[in-house]
Amino acid sequence: MFTLLSLTALINVLALVAFLLFIAINGIQAISWSFITEMPRASMTQGGILPTIVGTVYLAIGAVLFAFPIGVCTAIYLNEFAKDGFWVRLIRQGVVNLAGVPSVVYGLFGLAFFVIILGMGVSLIAGALTLAAFILPLVIASAEESLRAVPQNVREASLALGATKWQTIFKIVLPTAFASMLTGLILGLSRAAGETAPIMFTAAVFSTAQLPSSIFDEVMAMPYHIYVLATAGTNIEETRPLQYGTALLLLMIVVILNLSAILLRNRLQKRFKRYN
Amino acid sequence: MSAVEHRVATAKTIRARGLITNRTIDLIVHIIFLLIGASGIILLALIALFLMMEGLPIFEKISFWDFITGTEWYPTYVPPDYGILPMIAGTASVVALSALFAIPLGIGTALYLAEIAPSQVRSVVKPVIELIEGLPTVVIGFFGMVVVAPWMQNTLGISTGLNVLNAAIMLAFMSVPTIASIAEDAIYSVPKSMREGALALGATRWETIYSVVFPASLTGISTAVVLGLARAIGETMVVLMVAGGAAIIPESIFDPVRPMPANIAAEMGNAPFRGEHYHALFAIGLILFFITFMFNAVATYFANKYRQFE
């Protein structure tokens, strides 16, 4: 029975290894310096994927720029100010439900709200805002976790020394929790970089003539590029190396971001253990 | 009087007059944070509002009942057909089959990590599972398309490798981590005293897991399963790329299907703005939103029960 249970865990590890190996072996041949620094040529069948990398970086950073401050403030409210009651339970439930909303529904929302009602059009800013909405629950959850990890006696000590509540929060609690909040920021970046459905109708197009120069420009993005190259068009087989290359590069970005978040968190957890 | 002393004095007078007391500052900060803190719930309300605004108009053309039970989806024909039963069946079949793989694997992994694994193994497997959870789903879909599909087509001798089974396997791959990590938390939090009690009464380690730890963490495990299923229902890229895309009600696990999220993603780009087709796609989004909302409500219900147990 124990063997059976270890087997289930082993299947996960093997699946991940097989998955990564397959993409890596096929993708590594496509990746070169020119692949990441050149514009596409011959209607996307040759050349590099620079505009998709630039687009994805802009989108992910833009999303975090909106989501991180709002998420941290929400977490501060929930963890530091609010007393347990109807209002707090409503907000918490709202965040939980937000986390469960399908990514394609965020795409629809972004289309109806940012693209159409706010008149942003299909643009970098509309995509960044949609992605920000998408990663908000994740950022809130991880910021809350960071705040909860700050020992209660640190807060009490500050209050006992005569600090007011907001002095305690801004000068004691936030600086203590900030490093671990960065894990939430990194996870948010990685989630925003890898997601496709929210940007499909709000920001991403298959091809742009130039790199984006304004926040109201349409952008190319790596996940969308993989999807379109692999499913649409007449050159699906011909562009296979490009697809593998883009997929590997996207995977590398996401895995490196996630790994650094995990490592950072593990180190900080050890530090907090000493505190208590 | 130096500048600093002057400022201190001014601050003292302002406070003495009761204009800006520390209490007022705390109150102002509290209100600001309350407003920002409400952004989550406001966002949720906005999403629901816009889905309804753009989705409900379709029900002026076709009744809700006909919409969800119609078997023909030809939005561009004249006259068009808007029946989404094939998509509902597509989502149901893919998710149900993936649950068959993902639930035992997820719970098994969680039990292994919480009860059996030596701490070194645990410190490797846990990050691996978190990594899988963070993989871009478009790459999982791509893997299903270019690796699993041709293999399946050749070894099983079927007409297409893009089908219910393939999509279910890929969905299971991405929802096992969700189930495993939440279930592991639940199992891990079962009090040590309960385990020790069972062992002291002469139960073996397996009997302890099976008849004490597992039942005690069952509500937490249920939360995990429901959230994992919800994630699979809403997942778009995997089913868009791997499920085959045919709007038919499947008769076998080797049939291609077109789950609801895939249908929205595939057609939204071509639907004329605020036309019937556009409204119909938003209506599918609205239904999807409510289904995942219900799943979340169930998960919350289990989670609260589990907290009471603690």
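The values are calculated or read from the model by the stated rules, or taken from the named source; none is laboratory data. Computed from a prediction, not measured in an experiment: that's the story for all the values here. Cβ coordinates were reconstructed from backbone atoms using ideal geometry, including for glycine residues, and neighbour counts include every protein chain displayed.
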TODO: Would you mind stating whether A:Ile135 is under 23 Å from the mean Cα position of the chain (by Cα), facing chain B (nearest Cβ under 10 Å), closer than 26 Å to B:Leu286 by Cβ and surrounded by 20 or more Cβ atoms within 10 Å (Cβ to Cβ)?
DONE: no
Open item on the list: Go through the range A:84-98 and report how many residues are charged (D, E, K, R) and either part of a helix (DSSP H, G or I) or in contact (Cβ under 8 Å) with a residue 40 or more places away in the chain (or both).
Closed with: 2
TODO: Could you look through the range A:186-202, keep only residues that are over 8 Å from the mean Cα position of the chain (by Cα) and in a helix (DSSP H, G or I), and pick out the one that is nearest to the other protein chains (Cβ to nearest Cβ)?
DONE: A:Ala197
Task: Flag for A:Leu118 being under 11 Å from the mean Cα position of the chain (by Cα) and either under 19 Å from A:Leu78 (Cβ atoms) or surrounded by fewer than 20 Cβ atoms within 10 Å (Cβ to Cβ) (or both) - done: no
Task: Close pairs (9 angstrom Cβ cut-off, 6 or more residues apart or separate chains): polar (S, T, N, Q) in the range B:122-142, surrounded by fewer than 18 Cβ atoms within 10 Å (Cβ to Cβ) anywhere - done: B:Ser123/A:Asn266
Open item on the list: Quick test for you: out of B:Ala149, B:Ala117, pick the one residue that is closer than 25 Å to B:Glu235 by Cβ, over 19 Å from the mean Cα position of the chain (by Cα) and crowded, with 19+ Cβ neighbours inside 10 Å.
Closed with: B:Ala149
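For the range A:1-54, enumerate the residues that are of a type in the set (Gly, Ala, Ser) and within 14 Å of chain B (Cβ to nearest Cβ).
Across the range A:1-54, the qualifying residues are A:Ser6, A:Ala9, A:Ala15, A:Ala18, A:Ala24, A:Gly27, A:Ala30.
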Task: Among (1) assigned to a helix (DSSP H, G or I); (2) over 23 Å from A:Arg271 (Cβ atoms), the one test that A:Thr176 misses - done: (2)
Task: Hits in the range A:214-250 - residues which are of a type in the set (Ser, Thr, Tyr) and out of contact with any strand residue (DSSP E or B) (no Cβ under 6 Å at 6 or more places or on another chain) - done: A:Ser214, A:Tyr227, A:Thr231, A:Thr234, A:Thr239, A:Tyr244, A:Thr246
- [ ] Among the numbered conditions (1) surrounded by 14 or more Cβ atoms within 10 Å (Cβ to Cβ); (2) within 15 Å of the chain's Cα centre (by Cα); (3) not basic (Lys, Arg), tell me where A:Pro69 comes up short.
- [x] (1)
Open item on the list: Here is a check on your reading of the model: is B:Gly285 of a type outside the set (Ser, Thr, Tyr), within 9 Å of chain A (Cβ to nearest Cβ) and farther than 30 Å from B:Ser189 by Cα?
Closed with: yes
TODO: Report, by residue number, each residue of the range B:20-41 that is within 7 Å of chain A (Cβ to nearest Cβ) and either surrounded by 19 or more Cβ atoms within 10 Å (Cβ to Cβ) or aliphatic (A, V, I, L, M) (or both).
DONE: B:Ile25, B:Val29, B:Phe33, B:Leu34, B:Ile36, B:Gly37, B:Ala38, B:Ser39, B:Gly40, B:Ile41
TODO: Please tell me if B:Ile221 is more than 8 Å from chain A (Cβ to nearest Cβ) and in a helix (DSSP H, G or I).
DONE: yes
- [ ] Just give me the residues in the range A:115-155 being without any contact (Cβ under 8 Å) to a residue 60 or more places away in the chain, of a type outside the set (A, V, I, L, M) and part of a loop (DSSP other than H, G, I, E, B), in sequence order.
- [x] A:Gly119
Open item on the list: Give me the helices (runs of 4 or more DSSP H) completely within the range B:131-208, filtered to those with at least 1 residues that are of a type in the set (D, E, K, R) and at pLDDT below 95, ordered by residue number.
Closed with: B:164-188, B:192-200, B:205-208
